[in-house]
1. If each residue's Cβ is checked for other Cβ atoms within 10 Å, how do 322, 394, 171, 150 rank with the fewest at the top?
2. For the residues 334, 397, what sequence is obtained by ranking on other C-beta atoms within 10 Å, fewest first?
3. Report the gain in length on full extension from residue 434 to residue 334: 0.36 nm times residue separation, minus Cα-Cα distance, nm rounded to one decimal.
4. For region 77-407, how big is Rg over Rh, using alpha carbon atoms and the Kirkwood form of Rh?
5. What's the Cα-based Rg to Rh of region 302-402, Rh via Kirkwood?
6. List, largest first, the extents of the alpha carbons of region 63-196 along their principal axes, each in whole Å.
7. Quick one: grab Rg to one decimal and Dmax as a whole number for region 237-377, Cα atoms only, in Å.
8. Treat region 125-283 as a sphere of radius equal to its Kirkwood radius over Cα pairs and apply Stokes-Einstein at 25 °C in a medium of 0.890 mPa s; give the translational diffusion coefficient in µm²/s, rounded to a whole number.
């Protein structure tokens, strides 16, 4: 039938046909939200645009073409990490600041609607101390308890769930290190390896953690095998080769979770930078006995961009889900808190990662204090919101607004669609939400304004992207 969008999606074994008339998307005005440097605009609703008929555009016109017929991966969520540092900072702030933070991040109507979170098993660098959940040498894990987390972290996560809505928020967990006595360097810090004789006990540790958090009213949706398994850090860390991670998942973690009735937990491998992402995925996922337990491949941004490696994993293993699980700016310097580059780092990464197949995107700490901590090894960094525990003041970095241009308008269950730019000056991605609305992200990292047309089919709306800005165009869904 002419004039219809008719697309078939085959990603990850799914089949979907979208047959919505283009006129249904272009009949009503488009709402525009903008965050722009030196304008005071921060997720500001700046007006409406209207589609008009447009035949073939001219060669020199700047266009962002949107095609809702071509649908790709389904979004799990967008959010950040709920760490010890974030929780401790939260409870050191006045109650009105606490409520402001909850609303700003997690309220889907009044805030930016975070729908995804990460937390940690045992301590991490953004904890005030190193700790585990068992006593030394307890191989059977009889002493396992999460009482340490009841002071700050679990209460904080509960408040997040209450604000976001339990059905609207997905939480996964990552370990930084097993207990020191399980490792060959007898330390939670400085890398080291899990001793083979403790593989079974460590696999059971994950299950104990999931059950303990569930008993506290905090559901864990999934987990990563190990945070940054190739890094020897001065903080909590543990090293696995690709083969060791594969065999741990295949012979211990996967079977243990299944045996404990936790077979639905989503297991993600790697959880480190994009640079080695393909090699690590290939070693694990080419082994069917390991791959049967693996839901996805997790990745970070700290060494180079390497955006193409995300796409390569998606192309080689189309049934595997890709999840960005950590990224932050740093080192912390309060004098640089307003630098515009911090937000643009997020915008560029999020656009490329989603366009290359990511189903979720997770920032690092949602909240830190005026020193970029607390952190027990002085590895201080930025967070989108900095809470001054001395004055009670909250500082919003532009990264908060850049992430918000995505998280507020791209909701769980949305499908990525085509958004194609004719110029390197405009980066773009787009999603079709479950309610029928389209969210088109357009980012201008240049120092000059960029006029362009937003085009669907043979209809277009004139727009202007301010210098150093990010915009979200919300296109209404079909009228029922």
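1. Final ranking by Cβ density, sparse to dense: 150, 394, 171, 322.
2. Values: 334 13, 397 22.
Arranged by neighbour count, lowest to highest, 334, 397 become 334, 397.
3. 32.0 nm is the gain from fully extending residue 434 to residue 334.
4. 0.94
5. Dividing the radius of gyration by the Kirkwood radius yields 1.05.
6. Extents along the principal axes, in whole Å: 59, 42, 26.
7. Calculated on Cα positions, Rg and Dmax stand at 16.9, 52 Å.
8. The estimated diffusion coefficient comes to 150 µm²/s.
Just so you know, all these numbers are worked out from the coordinates, no wet-lab data involved. The structure displayed is predicted, hence computed values, not measured ones. Backbone-built Cβ (ideal geometry, glycine too); neighbour counts: all protein chains shown.
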